[in-house]
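K.L.:
Next up is a structure, given as structure tokens.
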Amino acid sequence: AALNDGLRSQVSAALKEGRVTPTELCQRCLALIKSTKFLNAYITVAEETALKQAEESEERYKRGQPLGILDGIPVAVKDNFNTAGIETTCASNMLKGYISPYNATVVQKLLDQGAVLLGKTNLDEFAMGSGSTDGVFGPVRNPWSYSEQYKEKSVPKSHSEDGEFNWVITGGSSGGSAAAVSSFTCFAALGSDTGGSTRNPAAHCGVVGLKPTYGLISRHGLIPLVNSMDVPGILTRCVDDAAVLLGSLAGHDPKDSTTIQDDFKPFELPNLTDVSKLSVGIPKEYHAPGLSSEILALWSKAADLFKNAGAKVVEVSLPHTRYSIVCYHVLCTAEVASNMARFDGLEYGHRSDMKDSTESMYAATRREGFNDVVRGRILSGNYFLLKQNYEKYFVKAQKVRRLIANDFVKVFRSGVDILLTPTTLSDAAPYTEFIQEDNRTRSAQDDILTQAANMAGLPAINVPTALSERGLPVGLQFIGRSFQEKQLLTVAKWFEKQVQFPVIQLEEVKRHDSGVFQHQKSASFS
């Protein structure tokens, strides 16, 4: 049941012992990608490249010289990371057909350690959205829409009036990566996280989603959305695997001046048995408008779990949280406007046939290349950056951002080790319901619990916690101190062990690997 095993202890060991070969593992994942094509999780599947990488890995294992834990492990990458020789589209007409001449640092690090790159995953156009529904390649479907758990609970209500099956969204913008990991088509995937784009889909797809501290992992080669908040995110089926990936990706990069200068030492997570010295903060402001009673009950239950195990659980206040979504919107659109200026039709990407003048060519290129969401954010951002508005909006938002970051500093200085919050307001919405509201309204609602960690640059992780009444995953978020990923992940691992989140029961996976469902525990390679 290799597809459902842990990276460090099981899959890596199985590869070393020759019980499974990298090529077999790769072929199994490629077969699953084909049989779950309806999920629309992948934009590009690099079958030839992946099989070639798997063969090279196999040779290394035969020689007894694997490059490490990740050697031969199939992974996927969100389609806003540059990959040499494989198309990088950002799910936009603007970059359709664009092939980067270089790999993003994180992609290169994975390849250097022998990982097998299966392909590029779907997203909202230029990662602007919270549903993975706004890319030019169509929306991503949540694998849990097709799970036995969801079908059992929701069959009567899961069809819309016209009889079309009412599948649920993955969340976004890294929905393709979350769906890929959730449906067993890969063991780990890279996402990006600007305001919650890794944690949000992780919560909706029942996987682990880690947003590291800003500056811990290189952004070089990640096509920027908001430079001051973007972080490569990690999606895996268990916390241990997230630690393995983090160990492989973190550290200084001379190509990214915002990365830490110190060397990062990879760590193995200890099995926490005693939480009595732990202080868990419950921020009262995260009891946000629109938070479902189901998630509120789960949050309280999780707090009680820590309390009953001997941890100190305290209510804390982050008073500026209520301003954070407005502040985030101003800063996000301002940086988007600046970053999107590079797509002018001259150097790379789409170029319009309009030949009247350079200016008309620019305008037509951007009109044809960007969707309404991207154009809307560019317009908003340029408005906030106008000379007469700069002080009033942009500078003021920067000041509020400092206050938000200081709220976290004060709470952590008061002796709190970890913050426990919901990740999303509710479980995944049906697609037909989700698209009733525009992208901006949805993003403002969905980012409310996640974007403050990006504004403060703190590490945060979504841990799948339970299934909702509809049989869909619900996750909780842990926010840690800056650069204290080891503590954050250790606590998350303890919590994961307590909640025993169930494995998704997918017919497509069963057909390919009947052993997958023998384990009742979430899958991992470590």
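The values are calculated or read from the model by the stated rules, or taken from the named source; none is laboratory data. The structure presented is a predicted model; accordingly, all values stated were derived computationally and were not measured. Ideal geometry is used to build each Cβ from the backbone, glycine not excepted, and the neighbour counts take in all protein chains shown. For accessibility, only protein heavy atoms count, side chains too; no ligands or nucleic acids. Shrake-Rupley method; radii C 1.70, N 1.55, O 1.52, S 1.80 Å.
K.L.:
Mind checking segment 309-388 for GluC sites (Glu not before Pro) that DSSP puts in a loop (not H, G, I, E or B) and that have at most 12 other Cβ atoms within 10 Å?
P.N.:
Details: sites: Glu315, Glu335, Glu347, Glu359, Glu368; in loops: Glu347.
Those that pass, being in a loop and sparsely packed, are Glu347.
K.L.:
How much accessible area per residue does segment 261-383 have, counting only protein heavy atoms and a probe of 1.4 Å, in square angstrom?
P.N.:
Details: 6890 Å² over 123 residues.
I get 56 Å² per residue for this part.
K.L.:
Under a 1.4 Å probe, what is the accessible area of segment 446-515 per residue, stated in Å²?
P.N.:
Numbers: 2030 Å² over 70 residues.
Value returned for segment 446-515: 29 Å² of accessible area per residue.
K.L.:
May I ask you to give the solvent-accessible area per residue for segment 161-250, in square angstrom, as obtained with a 1.4 angstrom probe? Working shown, then result.
P.N.:
On the way: 1090 Å² over 90 residues.
Value for segment 161-250: 12 Å² per residue.
K.L.:
I'd like the antiparallel share, as a percent to the nearest 5, of DSSP beta bridges with both residues in the chain.
P.N.:
70 percent
K.L.:
At a 10 angstrom cut-off on C-beta neighbours, averaged per residue, how do the peptides 14-25, 448-459 rank from highest to lowest?
P.N.:
448-459, 14-25
K.L.:
So, one more: Which value, in debye to the nearest 20, gives the size of the charge dipole of segment 298-359 about its Cα centre, when Lys and Arg are +1 and Asp and Glu are -1 at the Cβ? Show your work: numbers first, answer last.
P.N.:
Details: 7 positive and 8 negative charges, 117 e Å.
Dipole about the Cα centre, nearest 20: 560 debye.
K.L.:
As a quick test, which of the pairs Lys34/Lys120; Lys211/Lys277; Lys211/Lys265 have an alpha carbon distance above 20 angstrom in this structure? Could the numbers behind the result be given before it?
P.N.:
Working: Lys34/Lys120 14 Å; Lys211/Lys277 25 Å; Lys211/Lys265 18 Å.
Result: Lys211/Lys277 exceed 20 Å.
K.L.:
Quick one: Cα centre-to-centre distance for segment 339-359 and segment 27-76, in angstrom?
P.N.:
36 Å
K.L.:
Could you work out the longest stretch of the chain that avoids the chymotrypsin sites (Phe, Trp or Tyr not before Pro) located in DSSP loops with at most 14 other Cβ atoms within 10 Å? Can you show the working numbers first?
P.N.:
On the way: sites that count: Tyr102, Phe267.
Here the longest run is 268-526.
K.L.:
Something else now. Determine the share of the chain's accessible area contributed by carbon and sulfur atoms, expressed in whole percent, with a 1.4 angstrom probe. Write down the numbers at each step before the final one.
P.N.:
Values: 10160 of 20330 Å².
About 50 percent, which is the carbon plus sulfur part of the accessible surface.
K.L.:
Follow-up question, since we're still on this one. List the relative contact order of the chain as a percent without decimals, with contacts defined as Cα pairs under 8 Å and 6+ residues apart.
P.N.:
Values: 1228 pairs, mean separation 104.8, N = 526.
Averaging sequence separation for qualifying contacts and normalising by length gives 20 percent for the chain.
K.L.:
Suppose a student asked you for the relative contact order of segment 1-143, using Cα pairs under 8 Å spaced at least 6 residues apart; what percent would you report? Write down the numbers at each step before the final one.
P.N.:
Details: 249 pairs, mean separation 39.2, N = 143.
The normalised contact order for segment 1-143 reaches 27 percent.
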